[in-house]
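Notes for the one structure printed next.
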């Protein structure tokens with residue numbers, strides 16, 4: 001199982017390591033022609049406006065959108081969630097984004113970098129709680145009818161799934177717990 005990690009900005013190394021622990025063969029994706037050689041793709045956290053501009057500059061936005069629309073499994077963490085959201089609210093919209101997941105998110109809803117925090121959350125299907133790391137995290141304000149909420153923090157959805165897409169407000173690659181990556185690898189194998 002080959003899982004790509006978008007290598008334009010963000011926690012690329014951490015996601016590569018988490019994919020290995022989850023039993024996948026990870027690879028960095030930076031060019032459109034690499035998309036056809038992967039079984040799933042992770043968009044890491046980072047700065048959503050920057051990642052969106054780089055997706056556009058490296059001519060990845062359209063081919064990636066087409067591949068996901070055709071069934072390529074996609075997982076976005078934090079900024080990746082923003083890039084996947086159909087609607088972004090707040091002061092700044094991330095202009096260059098995929099907009100494929102039927103969710104409404106607000107950027108930096110949990111505060112600035114100094115307001116980062118960790119919380120134990122219950123995830124549907126997991127046998128014990130998961131330690132989640134939130135850094136300038138987006139908040140899911142609403143989900144469409146086809147979106148399943150897998151975890152909440154303080155009543156807000158923080159891990160959501162829609163068909164072959166998964167998105168989290170938090171950074172599972174920073175906790176050392178591979179279960180969210182294992183979930184995505186399992187999604188990509190079906």
- line: Yeah, region 16-143 with a ≥ b ≥ c from its alpha-carbon gyration tensor (a/c under 1.5 is rounded, else prolate when a/b outruns b/c, oblate otherwise) is oblate
query: Working out 0.36 nm times the residue gap between residue 70 and residue 25, then minus their Cα-Cα distance, what length gain in nm do you get to one decimal?
result: 14.0 nm
task: Two decimals is fine: what's Rg over Rh for region 131-190, C-alpha atoms, Kirkwood radius as Rh?
output: 0.95
query: So what's the gap between the Cα centers of region 136-190 and region 1-68, to the nearest angstrom?
result: 17
task: For n ≥ 4 DSSP H runs only, could you compute -39500 (n - 2.57) per run for the chain, divide by its residues and tell me the 222 nm figure to the nearest 500?
output: -6500 deg cm²/dmol
message: Among DSSP bridges having both ends in the chain, what percentage is antiparallel? Round to the nearest 5.
response: 50
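Throughout, read-outs are computed from the coordinates displayed, never taken from laboratory work. It should be emphasised that the depicted structure is a prediction, and the values quoted were computed from it without experimental measurement.
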